[in-house]
Amino acid sequence: MATDADSLPIAARPVEARAPCPWHHDAWVRLTRDTGRLPHALLISGPAGLNKTALTLRLAQALLCERPETTPLDGCDACSGCHLLRAGNHPDLLRVEPADGKSQITVDQVRELGTFLTLRPHQAARKIVVLSPAEAMNINSANSLLKVLEEPPAGSLLILVSSAAARLTATVRSRCARVEVDRPTREEGVQWLMRAGAMSAANAGLLLGLAGGSPPLALELAEEGLTEARGRLLQDLGALLHGKADPVACANRWKAIGPAMALDWLYRLHADLVKLSMGCGHPEGLSNPDIQGELQDLLNHIEFRDLQIFTDVISRALRDVDSPLDNQLMLEDVLIHWSRLKPGSSTLKRTV
């Protein structure tokens, strides 16, 4: 992939071979029921962290495989087409993603994919574009894509992947056949984590809760050491409420852990606090069931009215974590607002 910031990040990338995720089964059955009659545009949607792009690329390989009779409904992994796809060099597959360091898919990228689809396939029966995440399109790029959707070139397949399909324009959504990927059951997620991460059922269950039910994200959290870092984060939150910590110093530690991971955990911890404050704190419904006592102690030092309003603060930060905004300043802002949750401090306002 080119490193020039102005270049279009549309070159296919190497595709990692991996075992199909069990929670993809229903979507896979629907997608492969009749591959010869697939619509010209698909929207693969569902919660974040479910490897939807991997499912999409598995479908692309099945469609671009030159010997589909070898392994029906899947790629053979032996033909030229499969080898080119694995290497990220298949001439009939294009992956469109935000450029490195960018958060949006631009109108120029969408125009380029339109040109790509109008060209005749080089060696496969069709041309395929995978656009992910689809919600990264701005209004101009979405309008440009609409032209492709309204007049799809013959022999083309456009696949949009989204974890926030509601953010797509209604006109784009209405022109795609939607296939939903659902979270696995808790038992399925725990079993997958035990196999993939060689961990106990107890640890798998805890990590699955911290990841909001996403097994791949839970595995990532385990590899990044969130369970170990969580104690430090929790200690910072308590110290901030007691006026014994500096939000700037805490933000610096949280940034080192990873802003996205730390904020996502804070979001789920905040949800646990709201549940406990409303008497809905059954351990099975909490993301952090093993520290319910510590959460209850935090509640004893929090103004409930402001706890509800804090939802806006943390939600906004999560939306902005991949934006050009400075993560250090963003974390400082979140933790300063957190420190104001204690009774007697200046209350938060819904306009923050």
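Residues of the stretch 55-97 that are closer than 27 Å to THR115 by Cβ, aliphatic (A, V, I, L, M) and out of contact with any His (no Cβ under 7 Å at 6 or more places or on another chain): LEU57, LEU59, ALA60, ALA62, LEU63, LEU85, ALA87, LEU93, LEU94, VAL96. In the stretch 186-210, which residue that is outside any helix (DSSP H, G or I) and closer than 21 Å to PRO20 by Cα is modelled with the highest pLDDT? The qualifying residue modelled with the highest pLDDT is MET199.
When LEU325 is tested against (1) modelled with pLDDT under 85; (2) farther than 30 Å from MET137 by Cα, only condition (2) is not met.
Can you find, within the stretch 114-146, the residue that is modelled with the lowest pLDDT among those that are over 27 Å from the mean Cα position of the chain (by Cα) and assigned to a helix (DSSP H, G or I)?
Just the residues of the stretch 114-146 that are over 27 Å from the mean Cα position of the chain (by Cα), to begin with: 115, 118-126.
Pick out the ones that are also assigned to a helix (DSSP H, G or I) and you get 115, 118.
Working: THR115: 93, THR118: 90.
Looking at the filtered set, the residue picked out is THR118.
Residue count for the stretch 68-101, restricted to those that are among the charged types (D, E, K, R), assigned to a loop (DSSP other than H, G, I, E, B) and in contact (Cβ under 8 Å) with a residue 40 or more places away in the chain: 3. The set of residues in the stretch 80-118 being open to solvent by less than 70 Å² (accessible area, probe 1.4 Å) and either out of contact with any helix residue (DSSP H, G or I) (no Cβ under 9 Å at 6 or more places or on another chain) or among the charged types (D, E, K, R) (or both) consists of SER80, ARG86, ALA87, GLY88, ASP92, ARG95, GLU97, PHE116.
So which of LEU63, LEU50, LEU43 ends up being under 23 Å from GLN109 (Cα atoms), open to solvent by less than 50 Å² (accessible area, probe 1.4 Å) and either in contact with a helix residue (DSSP H, G or I) (Cβ under 8 Å, 6 or more places away or on another chain) or assigned to a helix (DSSP H, G or I) (or both)?
Details: LEU63 fails: under 23 Å from GLN109 (Cα atoms); LEU50 fails: under 23 Å from GLN109 (Cα atoms).
Result of the check over LEU63, LEU50, LEU43: LEU43.
For THR171, the conditions (1) without any contact (Cβ under 8 Å) to a residue 60 or more places away in the chain; (2) within 24 Å of LEU325 (Cβ to Cβ) all hold with the exception of (2).
Considering each of ALA249, ALA271 in turn, give the residue that is assigned to a helix (DSSP H, G or I), open to solvent by 20 Å² or more (accessible area, probe 1.4 Å) and free of Cβ contacts under 8 Å to residues at least 12 places away in the same chain. Talk me through it step by step, then tell me what you get.
Details: ALA271 fails: free of Cβ contacts under 8 Å to residues at least 12 places away in the same chain.
None of the other options fit; the residue is ALA249.
All conditions but one from (1) under 24 Å from the mean Cα position of the chain (by Cα); (2) outside any helix (DSSP H, G or I) apply to LYS342; the one that does not is (1). Take the residues in the stretch 142-171 that are in contact with a strand residue (DSSP E or B) (Cβ under 7 Å, 6 or more places away or on another chain) and small (Gly, Ala, Ser); name whichever of them is farthest from ILE44 (Cα to Cα). Here the answer is GLY155.
ALA201 falls short on exactly one of the conditions (1) farther than 23 Å from LEU42 by Cα; (2) under 19 Å from the mean Cα position of the chain (by Cα); (3) not polar (S, T, N, Q), and that condition is (2).
The condition of being without any contact (Cβ under 8 Å) to a residue 60 or more places away in the chain and closer than 24 Å to ARG173 by Cβ holds for only one of ALA48, ALA41, ALA54, that being ALA54.
The values are calculated or read from the model by the stated rules, or taken from the named source; none is laboratory data. Computed from a prediction, not measured in an experiment: that's the story for all the values here. We place every Cβ from the backbone using ideal geometry, glycine too, and count neighbours over all the protein chains shown. Surface areas here come from the heavy atoms of the whole protein model, side chains and all, with no ligands, DNA or RNA. Shrake-Rupley method; radii C 1.70, N 1.55, O 1.52, S 1.80 Å.
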